[in-house]
Amino acid sequence: MDKTMELSKFKKTIIILITLLFGFIPMFISAILTDSFIGDKYDLPMIFYISIMFGDLVLLPIFNIKFVELFYENKKNIIAKKYKTIGKIILVSVLSACINLYSHFILWPNDNITGFMDFHKGELAIGGWVHFFFSFLQMIIVFYYLIELPEIIKANKSNKLIRSLQKLLIIFVLLQIPDFILRNIKLNTINNFIGALLTDWPSVAVPIVMIAYFTFLQIKYRK
């Protein structure tokens, strides 16, 4: 039988506000200031990024609410294994730092696509800096959830929160695929699909790996 813990409306509102204030809103402001929300200054305006306009704006706040609820349900087990928990947090923090340092300081400021991250090419905007710290923390949460998931499933095999979080993450990463298609149509590289795929492979690889991981866990821990 499912044991679900639901946060109060006030706490949910706080989580939504924090997620948007440090995630979507700084990018939106930067996009307006750099004429890259709907303008043609850059190859692909922010409004065409479905992963941002729907993922960051809608899915991430819901994910964070449900993650906090799941954490509260499992906090006794997590705290009891404090050394394992600390080790996992260190591991995912290093992984998140590597990904975000590369994407925010090497990849995005030097391309002609993600203009909402930088005022000038090679120079991260204030919104980009805010998003760097937000993305660093958000990825820690996501990666920690993924690495802790086998233990949580073993303790709560039919928990609705687990299934909800998995669905949210799968939908979120699948949004990378329409992003990939729109980006390469805009750049006129979609005709060379293999070349575009080799250049932009994470957009397709991440959804495949995520779905494979959840499928593996479902098979392994199925009742």
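Worth a mention:
- Test result for L107, within 26 Å of I86 (Cβ to Cβ) and either at pLDDT 85 or above or open to solvent by 50 Å² or more (accessible area, probe 1.4 Å) (or both): no
- Filter result for F193 (at pLDDT below 75, among the hydrophobic types (A, V, I, L, M, F, W, C) and out of contact with any helix residue (DSSP H, G or I) (no Cβ under 7 Å at 6 or more places or on another chain)): yes
- Sub-7 Å Cβ pairs linking a first residue in the stretch 48-69 that is within 14 Å of I25 (Cα to Cα) to a second residue that is open to solvent by less than 40 Å² (accessible area, probe 1.4 Å) and part of a loop (DSSP other than H, G, I, E, B), at least 6 apart or interchain, are F54/L175; G55/L175, ordered by first then second residue.
- Residues of the stretch 150-176 satisfying the condition of being farther than 18 Å from V209 by Cα, open to solvent by less than 30 Å² (accessible area, probe 1.4 Å) and not hydrophobic (A, V, I, L, M, F, W, C): N159
- Scanning the stretch 33-86 for residues that are surrounded by 15 or more Cβ atoms within 10 Å (Cβ to Cβ), of a type in the set (V, I, T), over 19 Å from R183 (Cβ atoms) and modelled with pLDDT under 85 yields one hit, I78.
The values are calculated or read from the model by the stated rules, or taken from the named source; none is laboratory data. These numbers come from a predicted model, not from an experiment. Virtual Cβ from ideal backbone geometry, glycine too; neighbours counted across all protein chains shown. To get the accessible areas, we keep the full protein, side chains included, count just its heavy atoms, and leave off ligands, DNA and RNA. Shrake-Rupley method; radii C 1.70, N 1.55, O 1.52, S 1.80 Å.
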